[in-house]
Amino acid sequence: MAEFVWEARGRTGEIRKGTMEAENEAAVQNRLRAQQLNPTRVKKKGAQLSFNLSFGSGVEPKDLVKFIRQFATMIDAGLPLVQCLEILSNQEPNKIFQAALRDIKNTVEQGATFSDALRRHPKIFDDLFVNLVQAGEVGGILDSILNRLAIYIEKRVKLARQVRGALAYPIAVIIIMIVVMVVLMSFVIPSFETMFAEFGAKDALPQLTKIVIAASKAFVTYLPLIIVLTVAGVVGGVYFYRSPAGKRMVHRVLLKLPIIGPVMQKIAVARFARTLGTLLGSGVPILDALDIVAKTAGNVVVEEGLMYSRQKISEGKNMAEPLGEMQVFPGMVVQMVAVGEQTGALDTMLNKIADFYEEEVDVAVSALTSLLEPLLMVVVGGMVGVVLISMYLPIFDLAGKVKAE
């Protein structure tokens, strides 16, 4: 099918514009008339040469939240679905998102449901998004579901921002430390060695200075080999992580590390509880909800445990028992889930768990950052200090000999 640019007048005489995919101009005109629009111009859209280089979906979470909020407001005000999509697509500055919204609008115009149209763009609208919208369509509460979805995305982004913020400082310090050490080993220490040789003190250097100079020579000599081994290690690590067994091993180790492990566990619990609570509260069946939660868990160990729980629930068991067998979720979480099942308020209980553990993640991340900052400063200061002391010791010895003479 070709894409056509159309212009039409509404019932009150207002000018409407848009794009539509159809077999020919007559099909576009018939579809516009079916929407009570009088077409004034229909023209086939010319071919455009464009290059889009993007990673991921190309749509930021903030753009998605803005779209959801505006769309929910329009639906609540009684505007037709197609008109909402047309207005939002025309005012969307993100070209990738704009093209997706126009495709969704055209798909809905052709008779598909809104959720089916969203499924055509899985990089932007994941299974959780689509299933929640589908539940809203079936229950006739699409505006409420969209507002709930916007809150969920905002909380998920906040949680991810906390984790990224905690990792940003240590990563920056480690990179600076590596750059500084490379400069010292490659340029500064060889300069001092040349100066010591000119003074004739090369053989009478302190032991610490000899060790540092020897390390500098080895680093410069084997630098190409070090680079090759580093690149090979990174590539090998990436391939290992991409394999199912490698990813499972890494995720299992992360959950058991002394300091990082508890933080990763709290993040997993908060994500599980928030996602499942949002799905169940929106009317999604529990088996479908657990399937979606497992896919968005972000940890293979948690994902496998949730799929195991899903299987047990399909066999007639409750949720709390298989969750306890996972040995990932704390006992308090398992007990609260059991109470939620018994009282019929599982979604409310899960949202309370999510609120609690999101606060716990905030506290844990702050504590981890406070611990890493002085530790990294001691390591960086110690390494640079050893190099400087080793280089200045011979200078102090030479100055003492000159003063004695």
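Couple of notes before you dig in:
- Just one residue in the set 148, 164 is assigned to a helix (DSSP H, G or I), surrounded by fewer than 15 Cβ atoms within 10 Å (Cβ to Cβ) and of a type outside the set (A, V, I, L, M, F, W, C); that residue is 164.
- Checked against (1) surrounded by 11 or more Cβ atoms within 10 Å (Cβ to Cβ); (2) of a type outside the set (Ser, Thr, Tyr); (3) at pLDDT 85 or above, residue 245 passes all but condition (1).
- Within the range 178-222, if we keep just the residues that are surrounded by 13 or more Cβ atoms within 10 Å (Cβ to Cβ) and among the polar types (S, T, N, Q), the residue that is nearest to residue 396 (Cα to Cα) turns out to be 209.
- Any hit, the range 178-201, residues being part of a helix (DSSP H, G or I) and within 23 Å of the chain's Cα centre (by Cα): no
- Subset tally (residues that are among the hydrophobic types (A, V, I, L, M, F, W, C) and in a loop (DSSP other than H, G, I, E, B)) for the range 56-85: 3
- Taken over the range 86-109, the residue count meeting the criterion of being in contact with a Leu (Cβ under 7 Å, 6 or more places away or on another chain), in a helix (DSSP H, G or I) and either farther than 15 Å from residue 125 by Cα or touching a residue at least 24 places away in the same chain (Cβ under 8 Å) (or both) is 5.
- Residues that are of a type in the set (D, E, K, R) and either in the same structural domain as residue 145 (by TED's automatic domain parsing) or out of contact with any helix residue (DSSP H, G or I) (no Cβ under 7 Å at 6 or more places or on another chain) (or both) were ranked within the range 280-320; the one that is nearest to residue 334 (Cα to Cα) is 317.
- Residue pairs meeting the criteria (Cβ under 7 Å; at least 6 apart or on separate chains; first under 14 Å from residue 350 (Cβ atoms), in the range 264-285; second of a type in the set (Ser, Thr, Tyr) and modelled with pLDDT of 85 or more): 269/357; 270/357; 273/357
- Residue selected from the range 335-345 under the condition surrounded by fewer than 18 Cβ atoms within 10 Å (Cβ to Cβ) and either hydrophobic (A, V, I, L, M, F, W, C) or within 24 Å of residue 255 (Cβ to Cβ) (or both), by the criterion farthest from the chain's Cα centre (by Cα): 339
- Residue 109 fulfils the conditions (1) surrounded by fewer than 21 Cβ atoms within 10 Å (Cβ to Cβ); (2) of a type in the set (D, E, K, R); (3) in contact with a helix residue (DSSP H, G or I) (Cβ under 7 Å, 6 or more places away or on another chain) except for a single criterion, (1).
- Restricting attention to the range 128-145, the residues that are part of a helix (DSSP H, G or I) and surrounded by fewer than 18 Cβ atoms within 10 Å (Cβ to Cβ) total 5.
- Residue check for residue 277: of a type in the set (Gly, Ala, Ser), at pLDDT 85 or above, closer than 17 Å to residue 127 by Cβ and in contact with a helix residue (DSSP H, G or I) (Cβ under 7 Å, 6 or more places away or on another chain): yes
- Yes/no for residue 124 being at pLDDT 85 or above, in a helix (DSSP H, G or I), outside the structural domain of residue 284 (by TED's automatic domain parsing) and hydrophobic (A, V, I, L, M, F, W, C): no
- Helices (runs of 4 or more DSSP H) contained entirely in the range 212-281, each with at least 2 residues that are out of contact with any Gly (no Cβ under 7 Å at 6 or more places or on another chain) and within 30 Å of residue 384 (Cβ to Cβ): 223-242, 260-281
- Filtered residues of the range 71-106 (kept if of a type outside the set (A, V, I, L, M) and surrounded by fewer than 17 Cβ atoms within 10 Å (Cβ to Cβ)): 73, 76, 78, 80, 83, 90, 91, 93, 94, 95, 98
The values are calculated or read from the model by the stated rules, or taken from the named source; none is laboratory data. This is a predicted model, so every value here is computed, not measured. Glycine gets a Cβ as well: all are built from the backbone with ideal geometry, and neighbour counts include every protein chain shown.
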